[in-house]
1. Of all residues in the stretch B:8-48, how many are assigned to a strand (DSSP E or B), more than 10 Å from the chain's Cα centre (by Cα), modelled with pLDDT of 95 or more and of a type outside the set (K, R)?
2. Answer with yes or no whether A:S42 is more than 11 Å from every other protein chain (Cβ to nearest Cβ), farther than 12 Å from A:A93 by Cα and either buried (at least 18 other Cβ atoms within 10 Å of the Cβ) or hydroxyl-bearing (S, T, Y) (or both).
3. Going by what's in this entry, would A:S82 be described as crowded, with 16+ Cβ neighbours inside 10 Å, in contact with an Asp or Glu (Cβ under 7 Å, 6 or more places away or on another chain) and not in a strand (DSSP E or B)?
4. What single numbered condition from (1) more than 11 Å from every other protein chain (Cβ to nearest Cβ); (2) more than 11 Å from the chain's Cα centre (by Cα); (3) part of a strand (DSSP E or B) fails to hold for B:P61?
5. When you go through A:Y37, A:Y33, A:Y90 one by one, which is the residue that is of a type in the set (S, T, Y) and away from chain B (no Cβ under 11 Å)?
6. Is it the case that some residue within the stretch B:54-68 is in contact with a Phe, Trp or Tyr (Cβ under 9 Å, 6 or more places away or on another chain), crowded, with 16+ Cβ neighbours inside 10 Å, polar (S, T, N, Q) and under 21 Å from A:T103 (Cα atoms)?
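The values are calculated or read from the model by the stated rules, or taken from the named source; none is laboratory data. Since this is a predicted model, take the numbers as computed values, not measurements. Cβ atoms come from the backbone with ideal geometry, glycine included; neighbour counts cover every protein chain shown.
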Amino acid sequence: AQTVTQSQPEMSVQEAETVTLSCTYDTSESDYYLFWYKQPPSRQMILVIRQEAYKQQNATENRFSVNFQKAAKSFSLKISDSQLGDAAMYFCAYRRGSARQLTFGSGTQLTVLP
Amino acid sequence: KAGVTQTPRYLIKTRGQQVTLSCSPISGHRSVSWYQQTPGQGLQFLFEYFSETQRNKGNFPGRFSGRQFSNSRSEMNVSTLELGDSALYLCASRTGSNEAFFGQGTRLTVV
């Protein structure tokens, strides 16, 4: 079974600084997708970034980028120029290529300090 | 384009009762998945529907059931509610192999 591990329950960052959230996963599949979702106090899960396993290039979305290390099964999220609105719970998620269900990590609560 | 809509947003039920939650996916999305989120267990997959057929089911008892209508709207039902069923229930819709878009959830409290 696939597992996703987020070892940092809480992180904090100063506004305008950079922070990296860690995620590791375990799978024997070769075709899969990885995601970072953000869940603010409104509770709605918002997709931050997506990475296809077959792509070697790390995904980037504005201030958000990932470091995808396939051999190490590591998928970290870097947030640059942190803003107060980035404060939220961040979930790492895995989906097998042909499947529709997501397997989530336990989440990292990010606090942005003014 | 409207997002995923879940109703109601909040529910309070008594142990032993049953409850039905509703999810309207993004227009054009035919796949709807349900997740349960609790502080102790985190986010867990309940089931997924595509074209009115259940395609996959998580490890939940038979008290949890669902269905999907021809317009892709989905409902999930929990019978004989237990205190442990108190959770945030999230619905997500997607199309093809694209990413899932989530609703704001229904907060169910069982007393």
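1. Of the residues in the stretch B:8-48, the ones assigned to a strand (DSSP E or B) are B:10-13, B:19-24, B:31-38, B:42-48.
Of the ones still in play, those that are also more than 10 Å from the chain's Cα centre (by Cα) are B:10-13, B:19, B:24, B:31, B:37-38, B:42-44.
Subset that is modelled with pLDDT of 95 or more: B:10-13, B:19, B:24, B:37-38, B:43-44.
From what's left, of a type outside the set (K, R): B:10-12, B:19, B:24, B:37-38, B:43-44.
Number satisfying all stated conditions: 9.
2. Values: more than 11 Å from every other protein chain (Cβ to nearest Cβ): no; farther than 12 Å from A:A93 by Cα: yes; either buried (at least 18 other Cβ atoms within 10 Å of the Cβ) or hydroxyl-bearing (S, T, Y) (or both): yes.
So A:S42 fails the test.
3. Details: crowded, with 16+ Cβ neighbours inside 10 Å: yes; in contact with an Asp or Glu (Cβ under 7 Å, 6 or more places away or on another chain): yes; not in a strand (DSSP E or B): yes.
Criteria met by A:S82.
4. Against the list (1) more than 11 Å from every other protein chain (Cβ to nearest Cβ); (2) more than 11 Å from the chain's Cα centre (by Cα); (3) part of a strand (DSSP E or B), B:P61 comes up short only on (3).
5. A:Y90 is the lone residue from the list that is of a type in the set (S, T, Y) and away from chain B (no Cβ under 11 Å).
6. Yes, that holds for at least one residue.
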